[in-house]
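Engineer: Below is the structure I would like to discuss, written out as structure tokens.
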Amino acid sequence: MFYVYVLKSVRDGDLYVGVTSDLRRRLREHQEKKSRSTSPRAPFILCYYEAYRSHDDARHREDALKLRGQARKHLMTRISRSLKDES
């Protein structure tokens with residue numbers, strides 16, 4: 001399985017969209033600042049993920065969400081409560 005995931009930075013509130021075949025390992029890498037692209041923004045909260053059988057399908061979905069088009073807008077609307085800070 002391949003996973004498209006959305007992380008929210010606790011530090012700055014920004015979102016990160018990624019793809020991986022091992023979601024637990026990848027989340028751990030983000031938390032441990034082993035990813036150069038996200039290390040300054042750690043720690044993260046996993047807000048959302050989708051599972052795909054095909055790597056190509058997962059990469060296509062990741063690209064759609066990163067382009068900030070309609071796909072991203074629809075997802076952000078759907079998970080808006082998950083993105084809010086917990087009180």
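Engineer: Could you check the range 34-44 and list, in sequence order, the residues that are within 23 Å of S82 (Cα to Cα), touching a helix residue (DSSP H, G or I) at 6+ places or on another chain (Cβ under 9 Å) and surrounded by fewer than 16 Cβ atoms within 10 Å (Cβ to Cβ)?
Structural biologist: S39, P43, listed by residue number.
Engineer: Here's a follow-up. Working only within the range 59-74, note down all residues that are surrounded by 14 or more Cβ atoms within 10 Å (Cβ to Cβ) and either farther than 24 Å from R25 by Cα or among the β-branched types (V, I, T) (or both).
Structural biologist: A71, R72
Engineer: Could you please give the count of residues in the range 20-58 that are in contact with a Lys or Arg (Cβ under 6 Å, 6 or more places away or on another chain) and under 21 Å from L75 (Cβ atoms)?
Structural biologist: So the count comes out to 4.
Engineer: Now for a separate question. Looking at the range 31-47 only, could you name the residues that are among the basic types (K, R) and either touching a Pro at 6+ places or on another chain (Cβ under 7 Å) or free of Cβ contacts under 8 Å to residues at least 24 places away in the same chain (or both)?
Structural biologist: Residues satisfying the conditions are K33, K34, R36.
Engineer: Quick one: which residue in D56, D14, D22 is closer than 18 Å to L83 by Cβ, exposed (fewer than 14 other Cβ atoms within 10 Å of the Cβ) and over 10 Å from the mean Cα position of the chain (by Cα)?
Structural biologist: Step by step, each of D56, D14, D22 is checked, and only D14 is closer than 18 Å to L83 by Cβ, exposed (fewer than 14 other Cβ atoms within 10 Å of the Cβ) and over 10 Å from the mean Cα position of the chain (by Cα).
Engineer: In addition: Take R81 and tell me if it is at negative phi, surrounded by 11 or more Cβ atoms within 10 Å (Cβ to Cβ) and part of a helix (DSSP H, G or I).
Structural biologist: When the stated conditions are applied, R81 does not pass them.
Engineer: Can you pull out every residue in the range 59-85 that is of a type in the set (K, R) and over 12 Å from the mean Cα position of the chain (by Cα)?
Structural biologist: Residues satisfying the conditions are R59, R68, K73, R78, R81, K84.
Engineer: For the range 35-59, give me the residue count where each residue is at pLDDT below 95 and assigned to a helix (DSSP H, G or I).
Structural biologist: 3
The values are calculated or read from the model by the stated rules, or taken from the named source; none is laboratory data. As the structure is a computational prediction, the values presented were derived from the model and not from experiment. Glycine gets a Cβ as well: all are built from the backbone with ideal geometry, and neighbour counts include every protein chain shown.
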